[in-house]
1. Given Arg87, Arg67, Arg52, which one is of a type in the set (D, E, K, R), closer than 23 Å to Gly136 by Cα, crowded, with 18+ Cβ neighbours inside 10 Å and touching a residue at least 24 places away in the same chain (Cβ under 8 Å)?
2. Take Leu126 and tell me if it is within 27 Å of Asp77 (Cβ to Cβ), modelled with pLDDT of 95 or more, in contact with a strand residue (DSSP E or B) (Cβ under 8 Å, 6 or more places away or on another chain) and crowded, with 19+ Cβ neighbours inside 10 Å.
3. Residue by residue through the stretch 50-89, note down the ones that are within 19 Å of Ala150 (Cα to Cα), assigned to a helix (DSSP H, G or I) and basic (Lys, Arg).
4. From the list Leu92, Leu131, which residue is assigned to a loop (DSSP other than H, G, I, E, B), of a type in the set (A, V, I, L, M, F, W, C) and out of contact with any Gly (no Cβ under 8 Å at 6 or more places or on another chain)?
5. Quick check on the stretch 90-123: of everything there that is farther than 23 Å from Arg52 by Cβ and aromatic (Phe, Trp, Tyr), which residue is surrounded by the most Cβ atoms within 10 Å (Cβ to Cβ)?
6. Identify, from the list Ala150, Ala142, the residue that is surrounded by 16 or more Cβ atoms within 10 Å (Cβ to Cβ) and more than 13 Å from the chain's Cα centre (by Cα).
Amino acid sequence: MEKLSTKDTQILLESIRDIPDFPKKGIVFKDITTLLSNPKALDILMTHLENRYQGYQLDYIAGIDARGFIFGSILADRLGIGFVPVRKKGKLPYTTVAEKYALEYGFDEVEIHIDAFGKTKEAKVLLIDDLIATGGTAKAAANLIEKVGAKCVEACFILELDFLHGRKGFNTPVYSVLHIE
C-alpha cells in the first residue's frame, strides 16, 4: 500500500486552516475548504486515495454529510463506481433507514436510502468523511451500511484527531490519511 511522502503529507497539512474557538471557545476547527481550493493539495490527496482503493474491488463509496460528499464523489468518479450519500435525518426524499448516535448533549441521527446499494448483494462499500473526532457519526453511518445489506470494508478519513480516540469501537478497519496528535 502506497504511503504519502513526507513532502506530500506536509503539503496537505499546510493546506488545512485552523480556526480557533469555532464552533465554540476552546475548539480549534480544522477547515478543509483551503485544501479544496488548492489544486495541488487536492490532487495529491485524491491520487493517494485512488491508488489506495483501486485494488479493493469496491462497488460504492458512501460519503457522510456534507464534506464526505466532496471527497467521496471525486473518489467514486476516479474509481468508476457509484456514490451514496449518508445524510442527516430528514434530508433524503425516499424511504430511509436511520441510526441514532450520541452527542455531547443529546442525540442525532443519520439516514441512508433503503435501496442505496441497488440490487448488489453484499455490496463492498468504502465509507468516507473529512474528519474523525469522537467517531459517533461515522460509526452510525457504518452501521447503516450494514443494516441495508452491504459490507463496509473500511472507513476512511482525511484527518484524524488521535487524542479523541474516535476509531475505538469501530467494527470495520479505519484508515486516516493525516493525524493530529
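The values are calculated or read from the model by the stated rules, or taken from the named source; none is laboratory data. Keep in mind that this is a model prediction, so the values were computed, not measured. With ideal geometry, Cβ positions are generated from the backbone for all residues, glycine too; neighbour counts draw on all protein chains shown.
1. Values: Arg67 fails: crowded, with 18+ Cβ neighbours inside 10 Å; Arg52 fails: closer than 23 Å to Gly136 by Cα.
Sole residue among the options that is of a type in the set (D, E, K, R), closer than 23 Å to Gly136 by Cα, crowded, with 18+ Cβ neighbours inside 10 Å and touching a residue at least 24 places away in the same chain (Cβ under 8 Å): Arg87.
2. Numbers: within 27 Å of Asp77 (Cβ to Cβ): yes; modelled with pLDDT of 95 or more: yes; in contact with a strand residue (DSSP E or B) (Cβ under 8 Å, 6 or more places away or on another chain): yes; crowded, with 19+ Cβ neighbours inside 10 Å: yes.
Considered against the rule, which asks whether it is within 27 Å of Asp77 (Cβ to Cβ), modelled with pLDDT of 95 or more, in contact with a strand residue (DSSP E or B) (Cβ under 8 Å, 6 or more places away or on another chain) and crowded, with 19+ Cβ neighbours inside 10 Å, Leu126 comes out as yes.
3. none
4. Details: Leu131 fails: assigned to a loop (DSSP other than H, G, I, E, B).
Unique residue meeting the criteria: Leu92.
5. This residue is Tyr101.
6. On the way: Ala142 fails: more than 13 Å from the chain's Cα centre (by Cα).
Of the residues listed, the single one that is surrounded by 16 or more Cβ atoms within 10 Å (Cβ to Cβ) and more than 13 Å from the chain's Cα centre (by Cα) is Ala150.
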